[in-house]
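J.: Got a structure here, written out as structure tokens. Questions coming.
Readers should treat all values here as calculations from the given coordinates under stated rules, not as data from a laboratory. Keep in mind that what you see is a predicted model, and the values were worked out from it rather than measured. We place every Cβ from the backbone using ideal geometry, glycine too, and count neighbours over all the protein chains shown.
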């Protein structure tokens, strides 16, 4: 990955990055010119169910159509059987009727000859008897043929079969309707609310706990935005402490109007709102490379940071005092660490890195984080983003290949569930960047992620243990998109490097 070849050369200290051009090389500003994506081709591919959202949904649709075809073929076969037999019986009845007429005509001719010879007029009684016998005989034969026709229809239960097949068809239709309804219930509708231009590069943004404030990077500065549920309005610009103090990651407290920034200049700072003015703390330096991720424990008593220097640092945080206290470091990765996640109980920490490792960390008897194990996987790729789906299921997104892998904990060990693997549309050769995190909305059971030039929405059905794409993805102008979700899951905001603007979307879950 071109962007991280420079990042990974950590034999040089942070002064190596004083040049802004190198900063841009690291985080994507000087990316090679992207080939313009063919919109018409993409739309066509989406319509025919391309391999993006395609593989699983298209397979389900194919199976439903195939079942319906089989049922219709059964109905046609039943009808053809009855048609063939009924036609045969009609032919038999027609033949008997014609033979009946011939037999009656033959008797008439015989009697006419007798009558012409003036003989045997006393045989009138016999004539009537023969006539009655012929009539009775053919009536019985024809009635027998009709009964046989009715019997074969009953034996084949054609009416019942038709009804049953129609019931089956209706059942499938109802099942389709239920599946469509379920999909609609889990679907996501989005609406572009507003856009705001910003020429300065932004590598990260975050929303506060009640969705009224958005903070974002602005070159070496940080902007504080008021968000009214539709528009963003800049309230304050906080100056950076160096000309490369680019905020590469931001995280907001879920309990107060405070947030933390990690920077390209290796510093970490806390920002706190007091009397409508945001104040920053001193700079905290313990990393020797770009800060790639900062997360808070759910108790918000610890800050955990990762960096290009291969280390994970554990900090004690005090939002009241607006201060950090370094505690200790974790070292198991051999290359830049991209993503960190922590479970709801604050008992498990997971990290993913350019070294292709996914590491599980747990707390020891002294409540200190320590190495537990490496997730065993055969994938020859690294992942920039990882997220919890449940306490025992995680989603890990590859960088170079368009796959999301799901791992489930079994007997305390995460095992990949290959049958759950999802394929994303791979519309460019660019690798995925770490500045747009995978976000799982636990309330709505929706995973939101970016890959290449699209933002996808994936639903999780706990009862069936299935993942599926819902709604159309948001199409982006390029791969360099940096964004985040509001904490209530209602709004999605991102900055577009190519368009040089923020976009705010409203998400509605159905």
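J.: Which of the peptides 83-92, 187-196 is most tightly packed, and how do the rest follow, going by the mean number of other Cβ atoms within 10 Å of each residue?
T.: For the peptides 83-92, 187-196, the packing ranking is 187-196, 83-92.
J.: May I ask you to compute the full-extension gain from residue 466 to residue 400, defined as 0.36 nm times their residue separation minus their alpha-carbon distance, rounded to one decimal in nm?
T.: 21.3 nm
J.: With each pseudo-label sitting 7 Å past Cα toward Cβ, what's the residue 254-residue 381 distance in nm, one decimal?
T.: 3.0
J.: How high is the FRET efficiency between residue 189 and residue 410 when r is their beta carbon distance and R₀ equals 30 Å, given to the nearest 0.05?
T.: FRET efficiency, residue 189 to residue 410: 0.25.
J.: Distance in nm between label sites at residue 362 and residue 318, each 7 Å beyond Cα in the beta-carbon direction?
T.: Here the answer is 3.3 nm between the modelled labels.
J.: Ranking request for peptides 303-310, 233-240: highest mean number of other beta-carbon atoms within 10 Å first, then the rest in descending order.
T.: 303-310, 233-240
J.: Now, a different point. Could you work out how far apart the two model spin labels at residue 143 and residue 274 are, taking each label as a point 7 Å from the Cα in the direction of the beta carbon, and quote it in nm?
T.: Reported label-point gap for residue 143 and residue 274 is 11.0 nm.
J.: Could you sort 397-410, 456-469 so that the peptide with the highest average Cβ count within 10 Å comes first and the rest follow in order?
T.: With the highest mean Cβ count within 10 Å placed first, the list reads 397-410, 456-469.
J.: Using a Förster radius of 22 Å, what is the FRET efficiency between residue 83 and residue 150 based on their Cβ-Cβ separation? Nearest 0.05, please.
T.: The computed FRET efficiency comes out at 0.90.
J.: Where in segment 292-310 does the amide nitrogen come within less than 11 Å of the point 7 Å from the Cα of residue 355, taken along Cα to Cβ?
T.: It comes to 310, nothing else.
J.: If I stretch the segment between residue 421 and residue 508 completely, what's the gain in nm (0.36 nm per residue apart, minus their alpha carbon distance), one decimal?
T.: Extending this stretch completely gives an extra 28.7 nm.
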